[in-house]
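Encoded as C-alpha cells, the structure appears first; notes follow it.
The values are calculated or read from the model by the stated rules, or taken from the named source; none is laboratory data. Predicted model, so just to flag it, every value in this text is computed and none were measured. Here the Cβ positions follow ideal geometry from the backbone for every residue, glycine too, while neighbour counts run over all protein chains shown.
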Amino acid sequence: KPGEQKHPKEPPSLQCMHLAVVACGDRLEETLIMLKSAVLFSSRRLCFHIFAEDSLKPEFEKKLKEWPSSYTKKFESNIYPITFSVGNAQEWKKLFKPCAAQRLFLPVILKDVDSLLYVDTDVLFLRPIDDIWHILKEFNSTQLAAMAPEHEIPKIGWYSRFARHPYYGTTGVNSGVMLMNLTRIRSTHFKNSLIPAGLTWEEMLYPLYQKYKNYITWGDQDLLNIIFYFNPECLYVFPCQWNYRPDHCMYGSNCRGAEEEGVSVLHGNRGVFHDDKQPTFKALYEVIRDFPFEDNLFQSLYYPLQSKFLDTVHTLCGRIPQVFLKQIEKTMKKVYENRVIVYLGANHRY
C-alpha cells in the first residue's frame, strides 16, 4: 500500500529503488505523471519520497490511492513537509524555483536511505528506473553523485557563456536528474572555497549559498556545480540520453547517445510539457498522462504517440521521432515479455 513502511529485513531482490521529488505550487499533476511513468515501466519495487507543501499532501495521497492495485503494489510512498535544516528557510524557498533547494537537504533528511534518484517534477521515464539505478554500481571509490552535462556543445552552453561562478567541467551539469549515494555524501568532507579544511555537506550548504547568492541564476543547480567544481572526483557524468532536454534537439540533434539508444529520461524543462514551443515533448507528456493504467501499452500509448508525432514534424525535435520512440518501444516489448513469462510461470505451477 502507498505510505506503508518498508520492512527492514527484506531480501535484496525486493529492496526499493528510492525516487525523490520536490513538488510545490501547481506541480501536482506533473509530479503524478512523472511517478506514473516510473511505475509503468520499472521492474523492481519503488520507494517514492515526495517532498510537498502541506496543501498538496492530501492531494497526493488521494490520487495515488486511486491507481489500480496492480500498480500500487509496485511502490510505497512517503510524503514529507518542506524543511531546511540549516540557514534561513524563507531564503532557501526563494532560491530559483519554489522549494527547489529542498533537494540539497536530502542527505540530511533521509538518514536511513543509502542511495536515491532525485528528479525534477518535469521529468518522464521512458525506460525502467532499474537501468539508471544500475549506474550506482559503476561509481568508482570517490564518486557519490551522477548528473548529465548541461550542454553538449560548450560554445553555445549557458554556463560557458554566462556563469559568474565556478561550474563543473566545460559546460556545467544539469541537476534535473541526479543519482546520489547519500551514505557517501554524508561521510565525505568536501573541498571548498570557504575554508582550507574540508566541510561536510550540511556544514557547507548555507555558507556556500551566502558566498555565491548574488552570482547564481539557477539556484540549487548552480550550488551543485560549484560543489563539484571543487570536488570533480566525486561526480560521475552520465550521458545526455539520461536527461534529454529541448536543447538537445531544438537547434538540431546534438545528443549522440539518444541518437544511438533513444531517449531514456525526458526532461521537459522551461515548461515545454505545457506550452506549444516543443510539441514533441508535450505529446509524450499528454500520452502518458492520458494512458489508462490497465490498457494495452502499444494500443493506448505507443500508437497514439506515433500519431501525435506526425503533427510535430515542423519542428527540429519532431524530425527525429525515432530518438524519442526507440527506447520506449524497447521498454514496452520488455514489459510484455515479462508479463508473458510471469503468466506462463503461474500457469505452469498450477
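Table: residues versus (1) over 30 Å from PRO107 (Cβ atoms); (2) in the same structural domain as PRO68 (by TED's automatic domain parsing); (3) touching a strand residue (DSSP E or B) at 6+ places or on another chain (Cβ under 9 Å).
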site	(1), (2), (3)
ILE226	no, no, no
GLU233	no, no, no
SER264	no, no, yes
ASP276	yes, no, no
PRO292	yes, no, no
TYR303	yes, no, no
LEU316	yes, no, yes
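The conditions are (1) in a helix (DSSP H, G or I); (2) under 23 Å from ILE156 (Cβ atoms); (3) not hydrophobic (A, V, I, L, M, F, W, C), and GLU286 fails exactly one of them. Which is it?
(2)
Residue by residue through the stretch 256-283, note down the ones that are within 20 Å of LYS36 (Cβ to Cβ) and outside any helix (DSSP H, G or I).
GLY262, VAL263, SER264, VAL265, LEU266, HIS267, GLY268, VAL272, PHE273, HIS274
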